[in-house]
Every structure is written in structure tokens, then in C-alpha cells.
Amino acid sequence: DKIVAWNDMIRSYLRARQTLKRVCILIDGRHGIKVVDQDAMEALDAARVPYVIVLTKADKLKPAELEGMIARIEEELKAHPSAHAKVYATSSDNKEGIAELRAFLAAGM
């Protein structure tokens, strides 16, 4: 009951926030999209709230692994109408991708 109530509250919040431009869904780049992430994406799609996928810990993957992860996620995003098509890979350790993500968010796209 508490989970249902919490989910209803979140959906109501998302629909009522007129100033909300976009939601960032942070996904661990080592693991990809999990069930909880998929649930969040579906809820945002249903509420028609734009969102972008931000891969974290990009520095923990080899370049080929990172490219493959991004390609798989971008392919999956095609089925999500509220998702931004591009995935942003970031690392808090070496600041990789942070400037690009900030520029995207600042542009309000």
C-alpha cells in the first residue's frame, strides 16, 4: 500500500511541476539499465516528462565496453517517447562527460 501511495504521489508531482524541464536518470555504467530504472522510465513516459539517461562511472569501463553499453541503451530508448535519444557518459573521478552534460542541461533541450 505504501509503495502504491508513494508512486501515486510521485506521478502527481511530476505531472503538476510546470517548471520541470527534464529528469536525469543516473545509471551505473558497469551494470546498465536495471528493473528499477526501467520502472522509472515507464513512469516518466506515462507522465510525459522528458528525461535523459546519464551513465555514471564511465571511467570504470574499457572504451569498447562503454561504446557497447551506450549503443544498447540508445537502442532501448527508441521505445521510450519521453527519453532523449542521446546517452551522456560521465565520471565523477576524472570529470569525463560532465561539461557536455552541463551544456546540454543549460541549453534546456
(message) Given (1) at pLDDT 95 or above; (2) not in a loop (DSSP other than H, G, I, E, B), identify the lone condition not met by ALA79.
(response) (2)
(message) Within the stretch 7-32, take every residue that is closer than 16 Å to SER82 by Cα and within 14 Å of the chain's Cα centre (by Cα) and give me the one that is most open to solvent (accessible area, probe 1.4 Å).
(response) LYS21
(request) Keeping to the stretch 94-108, report how many residues are part of a loop (DSSP other than H, G, I, E, B) and over 19 Å from GLY32 (Cα atoms). (result) 3
(request) Select from the stretch 3-35 the residues that are in a loop (DSSP other than H, G, I, E, B) and of a type in the set (S, T, N, Q) and write down the one among them that is nearest to GLU100 (Cα to Cα). (result) THR19
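The values are calculated or read from the model by the stated rules, or taken from the named source; none is laboratory data. Just so it is clear, the structure is predicted and the values come from calculations on it, not from any experiment. When the accessible area is computed, the model is the full protein with side chains, heavy atoms only, and any ligands, DNA or RNA have been set aside. Shrake-Rupley method; radii C 1.70, N 1.55, O 1.52, S 1.80 Å.
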